[in-house]
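One structure below.
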Amino acid sequence: MPIRDALPGAGALAVLQRNFGVWRKLLVPSLLGNFGDPLLYLLALGYGLGHFVGQMDGMPYITFIASGIVASSVMNTASFEGLYSAFTRMSAQHTYAAMLATPLRVSDILAGEVAWCAVKGLISAVAIIIVAIFFGAIQGPWVILALPVILLAGLSFGGLALVITALARSYDFFMYYFTLAVTPMFLFCGVFYPLQSLPPFAQDIAEVLPLTHAVALLRPLLTGHLPHEVLCHTGVLLLYTLVAYVLGWRLLSRRLLR
Amino acid sequence: MNPAFLELRALHKRYGGREVLRGVDLAVAAGECFALVGPNGAGKSTTVRAIQGLTPTDAGEVRIDGRTLAEMGRTARAGMGVVPQTDNLDPDFTVQENLWTYGRYFGLPKTLIRQRSADLLEFMALSGYATQPIHALSGGMQRRLTIARALINTPKLLLLDEPTTGLDPQARHLIWQRLRELRRQGTTLLLTTHYMDEAERLADRVGIIDHGRILAEDSPRGLIATHIPGGVVELRRVDGDLPDPQDLHRQWVSLSERVGDTLICYGTDLTPLLAHFGDDPAYRWIQRPASLEDVFLRLTGRDLREETE
């Protein structure tokens, strides 16, 4: 199949709109999760753990952790959407099959799904930012610049998740991805402590993971500073997004167009 | 006959080492209803997928209104409606939201979608359920909604893959009525089914497909006339033993077949056969006109097919 078929068209918007329509129906429980979870994290870690940690990287621990939680929540939300929810649509509900009986192509479906993962990530991030601003843990003039970064991070995590979904035979398969990718990133990519506290080899590994770069961009932006090496961090996230998208398109085409 | 609206030429498809389509040729005229009947795994669904361009074929081509799928690209499916074998309505949406969402996949304008949706719900006798969730509908209603959904883009070609499998007789009759009405309005229909009565009632022409090849193709009556001489008598022994072990029936019938405990006899004049066995208390018999099912079973054999598709 020629690679130009990977380019999505306007149909991707219809897919995005479909997912948004379903989300709106489950608005209350969904938003409760978006606001409730980060509130618990902020209280437990920011105040509980923060009481013993005091300052980290020159800022109160709750400030340090709030930006980390924004980044990790984008990862978690986009991954979950791209794995479990997307797999349900593809496998259990045959939604992709229904879509393919219309002028929509695999690229439209994939692009719409990845974009929706990013939007879900953004929704959860904004919820956390609102809660954290209330606690004074997020502030400064650059918060608004964090939003496009959050969307980009959401695209890369959503894209990666959909690659896994395109390969998955059952929901159990996703445990590998969580244990081998999502959880390690959550713990070792600078969410809870600065990367520099890790041994050098672990830092090297962390440097190639997308969450590290999302944190590196978001922490300064959410605490009133401008990030360094913006091009490098953005480039890595962009690269993950593109590679995951093309790979996901190939795998999904192979799976759906047999 | 009109020139072919849908044309399949020498379609070949292989999955691994298994040849699913081995040169399928068929032509459906504009406004015609064509039924593709065949046992499980005969290649019906693969053919339907190939017509939509959803399965890369190894050889052959599909033409719609004279143009190949490759030439048409994504516009091909814009002019088709598809009723899939597996229900895939959106369970999170209401009845009308399902239609609205589907209309957006075709890039139709909102006002048109709303209007069409209301009309189609009316047409499919679902108007009272517009705001109901999908799970509140019976199986037959869900099928009707799936058909309504397939019509949202006013397709010229409607593909139906086993549209009434698993439905009760009332539900099937309502669907058949609507499909005939669509045909009268000029929609070209291609349906797959393994219900012979469905093919007989709906189709102008029937193609019998097996092992990836079309074995016979004609009007239902034409197929029966060609392949089954006259009427049918089925003979069975009350005690379950082999009926007519001495093959006496051979002298009175043109064709016969043994299927398990049943002897099926075909012939133009079966009175002598009934004169011999009719009053014998050891026998049970029924006499009936030949049907498409007889043709189907004669051409595809009587062995049981397990689901492989």
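Here A:Gly190, A:Gly235 are screened, and the one residue that is modelled with pLDDT of 95 or more, touching a helix residue (DSSP H, G or I) at 6+ places or on another chain (Cβ under 9 Å), part of a loop (DSSP other than H, G, I, E, B) and not β-branched (Val, Ile, Thr) is A:Gly190.
Can you say whether B:Ile113 is in contact (Cβ under 8 Å) with a residue 40 or more places away in the chain and assigned to a helix (DSSP H, G or I), as far as the supplied structure shows? Let's see the steps before the verdict.
On the way: in contact (Cβ under 8 Å) with a residue 40 or more places away in the chain: no; assigned to a helix (DSSP H, G or I): yes.
The answer is no for B:Ile113.
Here's the yes/no breakdown for (1) hydrophobic (A, V, I, L, M, F, W, C); (2) farther than 23 Å from A:Trp116 by Cβ:
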site	(1), (2)
A:Leu16	yes, no
A:Phe52	yes, yes
A:Met75	yes, no
A:Thr95	no, no
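Does at least one position in the range A:195-208 carry a residue that is in contact (Cβ under 8 Å) with a residue 24 or more places away in the chain, of a type outside the set (D, E, K, R) and either assigned to a helix (DSSP H, G or I) or crowded, with 22+ Cβ neighbours inside 10 Å (or both)? No: zero hits. Can you find even one residue in the range A:70-84 that is of a type in the set (A, V, I, L, M, F, W, C), away from every other protein chain (no Cβ under 14 Å), exposed (fewer than 14 other Cβ atoms within 10 Å of the Cβ) and under 22 Å from the mean Cα position of the chain (by Cα)? For the range A:70-84, residues of a type in the set (A, V, I, L, M, F, W, C), away from every other protein chain (no Cβ under 14 Å), exposed (fewer than 14 other Cβ atoms within 10 Å of the Cβ) and under 22 Å from the mean Cα position of the chain (by Cα): absent. Restricting attention to the range B:144-179, the residues that are in contact (Cβ under 8 Å) with a residue 60 or more places away in the chain and farther than 19 Å from B:Val37 by Cα total 9. The listed residues are B:Ala78, B:Ala27, and the only one of them that is touching a residue at least 24 places away in the same chain (Cβ under 8 Å) and not acidic (Asp, Glu) turns out to be B:Ala78. Taken over the range B:5-54, the criterion of being crowded, with 18+ Cβ neighbours inside 10 Å, over 26 Å from B:Asp294 (Cβ atoms) and small (Gly, Ala, Ser) is satisfied by B:Ala50, B:Gly53. Is there a residue being over 16 Å from A:Val149 (Cα atoms) and of a type outside the set (S, T, N, Q) anywhere in the range A:219-237? Scanning the range A:219-237 turns up no residue that is over 16 Å from A:Val149 (Cα atoms) and of a type outside the set (S, T, N, Q). Selection of the range B:56-82 for residues being surrounded by 22 or more Cβ atoms within 10 Å (Cβ to Cβ) and facing chain A (nearest Cβ under 9 Å) yields B:Arg77, B:Met80, B:Gly81, B:Val82. Exactly one residue among B:Gly222, B:Gly207 is part of a strand (DSSP E or B) and either closer than 14 Å to B:Leu297 by Cα or among the small types (Gly, Ala, Ser) (or both), and that residue is B:Gly207.
Out of B:Arg178, B:Arg201, B:Arg183, one residue alone is in contact with a strand residue (DSSP E or B) (Cβ under 6 Å, 6 or more places away or on another chain), surrounded by fewer than 21 Cβ atoms within 10 Å (Cβ to Cβ) and part of a helix (DSSP H, G or I). It is B:Arg183.
The values are calculated or read from the model by the stated rules, or taken from the named source; none is laboratory data. Just so we're clear, the structure is a prediction, and the values are computed from it rather than from any experiment. FYI the Cβ positions are ideal-geometry reconstructions off the backbone, even for glycines, and counts take in every protein chain you see.
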